[in-house]
Each structure stands twice: as structure tokens, then as C-alpha cells.
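Novice: Below you will find the structure I want to go over with you.
Computed from the coordinates by the stated procedures, all read-outs in this text should not be read as laboratory data. Small disclaimer: the values here were computed from a predicted structure and weren't measured. When we count neighbours, we look across all protein chains shown, and the Cβ atoms used for this are built from the backbone with ideal geometry, even at glycine.
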Ligand SMILES: *Cc1c(COP(=O)(O)O)cnc(C)c1O
């Protein structure tokens, strides 16, 4: 009998090594006086002062386990959003919840759908659960309901829709989300990832609260990493039917949120003034950057989030890769998005005024 690698050392389960690890946005640029990190959609306003204070207070009881139910945080979310706390489950970032949903509903052979330029994390968690990722085409960098519905088979268990989507910044009007839901079999879970919901200023947008409340197969996920400026603490939550909360709750880590996250998150969500400031800031600079970059001759996908997808000319000297190298040399770090099906685009997070003005000036130089 021949000896195989499997006999010589532990090997990951089937399919696991087919997963490509998530590549986060770059952080460093060398040899520049100042670095502007515009690669991870972090808030240029930082966290609420009240959240920072609450974080400090957590230092007094580091010997104690956190509240495994994260009740203080759930209560705050429920209060601010007018929801029933029993339908909320918190996670170590919304990423954790997306993974737990896959572990809960996908067995090997099951399929889960996401869209062509959808968030990369979905694919990782689908495959980690042994599921088969199925990609639905987009049209004009926008999710398309009919393409998603056409991808549904008897093996489909989950549909992921980031609304608005990252990295495109486009969104589906809620009528379209309702049409998607109406077309799905009742046993398929529709996961609405509303990480950027607070930024959207459109009358035809909804994050999904009503649809979750009025059905048994819709979940909405949210995060504290974006508008609340708490990415470092890893806080996400989902609003879901009771039977989904119950199922996912059985497999989550017993203390999946740490005490600092629970306290700072509760303070952050109650600080409506800080959230409003972040919304107003984005409302000013998102259109400004869109206009400036368009005037430079770059195509910008219309975005409702806190970031822009910027497309570069076919000319190799002016490509996204060349722009990335040039901008990095000036201290401006943007996100390469080749892995999302955009080999010649960069994603730019709306930054501080200084960063926004600087990146436009640098791009103007680059394109000369
Ligand atoms: C940033 C982001 C999240 C948030 O992830 P966290 O784990 O909560 O930090 C979720 N979905 C999308 C589409 C995102 O861009």
C-alpha cells in the first residue's frame, strides 16, 4: 500500500484548501511623511467620544467574562432601531454572523448564491461550510433580481445580497428586494447585508427591517465597523426571525463579543449626534469626490456608500495598477479590486477633507 500525504500529517477536510484567504486592504506605504488609508471603508470621523469612554471603563473588569448574551448591546440596538431584542443576535463583526449562517444552513452539496461583484467573504464562508458557491451575473455593476432567481435550484439554501454592495456602492431599490424575496422558495434564506445602510440617502432604499419582520426566511446583518467607526472592536448584529436566532445561537462561541465591544457598541449606537455627523460628512464628500474624479476623466460607479469604485483607462501607463503604485508612493492607499472582477479599478474610501483633496490632486498629477 502506498503512503499518501493524508497518512503522514493532518490534512484539512475536503475542499478547504480550495479557499483563497481573504486579502484585507493594504495598510502601509513606505518612505512617505503621511499615510492616508482609504482602503477599508473606515470612518474618517473615528468613534464616538462616548464609545471611547465606555471602552476605557471596560478596563476595570478584565478578569470577568463578558455577558455571553451581550444584553446591554442588544438592548441599545433594540431601543434605537425600535426592534424586539429577542430577534437580535450579535457577532464578532458581522463577518462572524455571515459565517455562522453558513454553518447553520449549509451542508455539503448545498448551494448558496451571491452576485458577480458581491462581497468576497460570502464565498469563503460558503466553502468553509462545505457548500457550493453560485455566482449570479450583475448588470451595469448592479445586482440583478432575475439573474439571482434564475440561479436558484432545489439545492439552494442561502442567497446573500449586500445592499448597498461593496465594492460597487450600488444598491437595489426595495421594490426589487421584495420582488427577489417573492420569487424565492420559502426554504431559502435571504441574507440582506446592510453594512452601509446608514449612509444611503435614497427614498427607495430600505435596509430590510420590515421584510425580516413580515417573513420567516429573511435576515438583515449590520455592522459597527463602518458608520460607527468601531472596526477595531469587531461588532456586528443581525435582525432575524426567532427560529433563525435560536438555531444560530446554538453554534456561536459562548462569549463571542468581548466586554469592551459590548459597552462601546451600546454607547456608540445611542450617540445619534455622532452618526448624524458621519452621515452629513459623507453627504458632502461623496458627491464632491464623484464630481472631481469624473472631471479628471475617470469613470466612477454611482455610489450610495462611503466609498467609490473608480475605473481607469485601458492605457497601461494609466491603469489601476499604475495608479495604485503612484498613489501609494504619495501616501494614498486605495483598494485593489481585481479579485472582485475589476482588474482595472480601485476602490476609494471617503476620507478626511485633507485626504479627499490630496487624493484628487495626486490623481490629477498621475493622469497628466
Ligand atoms: C465592511 C463590510 C461588512 C462588515 O464586516 P464586519 O465584520 O462587521 O467588520 C459586512 N459586509 C460588507 C459588504 C462590508 O463591506
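Novice: Given the -39500 (n - 2.57) contribution per DSSP H run of 4+ residues, what per-residue ellipticity at 222 nm results for the chain, rounded to the nearest 500 deg cm²/dmol?
Specialist: So the helix-based figure for the chain works out to -11000 deg cm²/dmol.
Novice: Let me make sure I get this right: for segment 1-151, a, b and c are the square roots of the gyration tensor eigenvalues over alpha carbons, sorted descending. Under 1.5 in a/c it's rounded, otherwise prolate if a/b > b/c, else oblate. Which is it?
Specialist: The shape class here is rounded.
Novice: Just want the ordering: 212, 159, from fewest to most Cβ atoms lying within 10 Å of their own Cβ.
Specialist: Exposure proxy ranking, most exposed first: 212, 159.
Novice: In 5 Å bins starting at zero, report the fraction of Cα pairs in segment 49-271 per bin as a rounded %.
Specialist: 1, 7, 15, 20, 20, 16, 11, 6, 3, 1, 0
Novice: So, one more: Could you order peptides 221-229, 53-61 by the average number of other Cβ atoms within 10 Å of their residues, highest first?
Specialist: 221-229, 53-61
Novice: Given springs between every Cα pair under 10 Å in a Gaussian network model of the chain, which of 154, 290, 14 has the largest fluctuation?
Specialist: 14
Novice: Moving on. Quick one: give the max-minus-min coordinate of the C-alpha atoms of segment 14-93 along each principal axis, largest first, in Å.
Specialist: Taking the Cα atoms of segment 14-93, the three principal extents are 47, 45, 33 Å.
Novice: Rg and Dmax of segment 272-314, using alpha carbons, in Å: what are they?
Specialist: 12.3, 44
Novice: Could I ask something else about it? Figure the gain on full extension for residue 296 and residue 325 (residue separation times 0.36 nm, minus the Cα-Cα span) and round it to one decimal in nm.
Specialist: Between residue 296 and residue 325, full extension yields an extra 8.6 nm.
Novice: Another question, then. For segment 1-108, calculate the relative contact order in percent as a whole number, restricting contacts to Cα pairs under 8 Å that are 6 or more residues apart.
Specialist: Worked out over segment 1-108, it gives 10 percent.
Novice: Based on C-alpha coordinates, I'd like the Rg and Dmax of segment 245-368, in Å.
Specialist: That works out to 18.9, 58 Å for Rg and Dmax.
Novice: Report the equivalent ellipsoid semi-axes for segment 316-368 in whole Å, largest first, defined as the square roots of five times the eigenvalues of the gyration tensor built from alpha carbon atoms.
Specialist: Largest first, segment 316-368 gives 18, 14, 8 Å.
Novice: When the Cα centres of segment 325-350 and segment 240-287 are compared, how far apart do they sit, in Å?
Specialist: 27
Novice: Right, something else. If each of residue 316 and residue 16 carries a label point 7 Å out from its Cα toward its Cβ, how far apart are those two points in nm?
Specialist: 4.1
Novice: Output the relative contact order of segment 226-368, whole-number percent, from Cα pairs under 8 angstrom with separation of 6+ residues.
Specialist: After rounding, I find 19 percent.
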